[in-house]
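Visitor: I have a structure I would like to understand better, so I am pasting it below and will then ask my questions one at a time.
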Ligand SMILES: Nc1ncnc2c1ncn2[C@@H]1O[C@H](COP(=O)(O)OP(=O)(O)O)[C@@H](O)[C@H]1O
Ligand SMILES: [Mg+2]
């Protein structure tokens with residue numbers, strides 16, 4: 001059973017291939033993240049962490065190699081199949097929250113369900129449930145500017161969970177938060193991993209946070225350190 005599994009084979013990413021500023025950001029990465037795993041990705045700035053996360057998120061395509069999500073080779077999917085996979089299998093949490101500023105918490109969380117075509121009544125029920133999971137009951141009507149950083153990140157987590165994906169990817173999710181708020185966000189992600197068996201992939205700089213993961217991949221100069 002490959003539910004919630006991510007496998008990477010020989011991943012290479014070359015930016016600006018064939019040009020004078022060609023740069024090889026990933027130099028052949030192989031690893032598997034199993035269902036329910038909590039994997040940390042660590043490494044210095046510029047080592048290729050976000051590049052790797054973008055590849056396993058199907059946001060970008062590798063120059064060589066393959067990413068398998070639940071056994072499906074991403075390169076075999078067309079654009080709409082890839083969009084569907086992203087929408088239904090993967091949830092994303094970013095350092096900058098990436099909420100839509102003109103929309104309320106409710107509307108931000110609703111967006112992935114609109115794209116999926118979930119009926120309005122069901123969307124409403126799910127949003128209330130999600131607001132409660134992330135501890136933001138009563139904040140559904142607030143826009144991002146009317147929320148603290150930690151609250152915005154919790155809206156982003158609720159949005160990531162909207163379509164109940166098996167896999168959650170987080171790129172330095174506490175990078176813009178103070179330590180105490182960051183700890184609450186990590187606790188929330190850990191709880192989702194433990195209680196709902198979500199596969200969790202998290203890029204972090206913070207060795208303290210990395211300790212909460214099950215295992216860590218260390219990247220340096222586009223390679224995994226042994
Ligand atoms: N779109 C791009 N075009 C060219 N080079 C890029 C691009 N994105 C990232 N890079 C380069 O690839 C390397 C790895 O970047 P990144 O994956 O963002 O590192 P990290 O997230 O570990 O800080 C860096 O040297 C960066 O400058
Ligand atoms: Mg990065």
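No lab work stands behind these numbers, since they all come straight from the coordinates. This is a predicted model, so every value here is computed, not measured. FYI the Cβ positions are ideal-geometry reconstructions off the backbone, even for glycines, and counts take in every protein chain you see.
Visitor: Sorting 45, 105 on the 10 Å Cβ count, fewest up front, what's the list?
Guide: Exposure proxy ranking, most exposed first: 45, 105.
Visitor: How big is the shadow of the Cα convex hull of the chain, averaged over all directions, in nm²?
Guide: Working: hull surface 51.9 nm².
Convex hull of Cα atoms, orientation-averaged projection: 13.0 nm².
Visitor: Which residue, 98, 164, 16, tops the fluctuation ranking in a GNM of the chain built on C-alpha contacts under 10 Å?
Guide: Of the options given, 16 has the highest mean-square fluctuation.
Visitor: On alpha carbon coordinates alone, what is the Rg over Rh value for the range 162-226, Rh being the Kirkwood radius?
Guide: Working: Rg = 12.6 Å, Rh = 12.8 Å.
Ratio of gyration radius to Kirkwood radius: 0.98.
Visitor: Report, to the nearest 10°, how far helix 120-133 tilts away from the longest principal axis of the Cα atoms in the chain, using its own Cα long axis and a range of 0 to 90°.
Guide: Taking Cα atoms only, the helix is inclined about 80 degrees.
Visitor: Once the Cα atoms of helix 149-161 and of the chain are each reduced to a long axis, what angle between those two axes, in degrees from 0 to 90 to the nearest 10, is obtained?
Guide: For helix 149-161, the angle is close to 80 degrees.
Visitor: By DSSP, what percent of the beta bridges with both residues in the chain are antiparallel, rounded to the nearest 5?
Guide: Among the beta bridges of the chain, antiparallel pairing accounts for roughly 50 percent.
Visitor: Another question about this same structure. Could you state the angle between the C-alpha long axis of helix 179-196 and the longest principal axis of the C-alpha atoms of the chain, as a value from 0 to 90 degrees rounded to the nearest 10?
Guide: Value to nearest ten degrees: 90.
Visitor: To make sure I understand, if each residue's beta carbon is the centre and we count other beta carbons within 10 Å, what order do 97, 23, 31, 106 fall in, fewest to most?
Guide: Lowest to highest Cβ neighbour count: 23, 31, 106, 97.
Visitor: Where is the GNM fluctuation largest for the chain (alpha-carbon springs, 10 angstrom cutoff): 196, 107, 151?
Guide: Comparing 196, 107, 151 in the GNM, the peak value goes to 196.
Visitor: Right, another one. Have a look at 186, 167, 56 and tell me which one the Gaussian network model of the chain (Cα, springs below 10 Å) gives the largest fluctuation.
Guide: Among 186, 167, 56, the largest GNM mean-square fluctuation belongs to 186.
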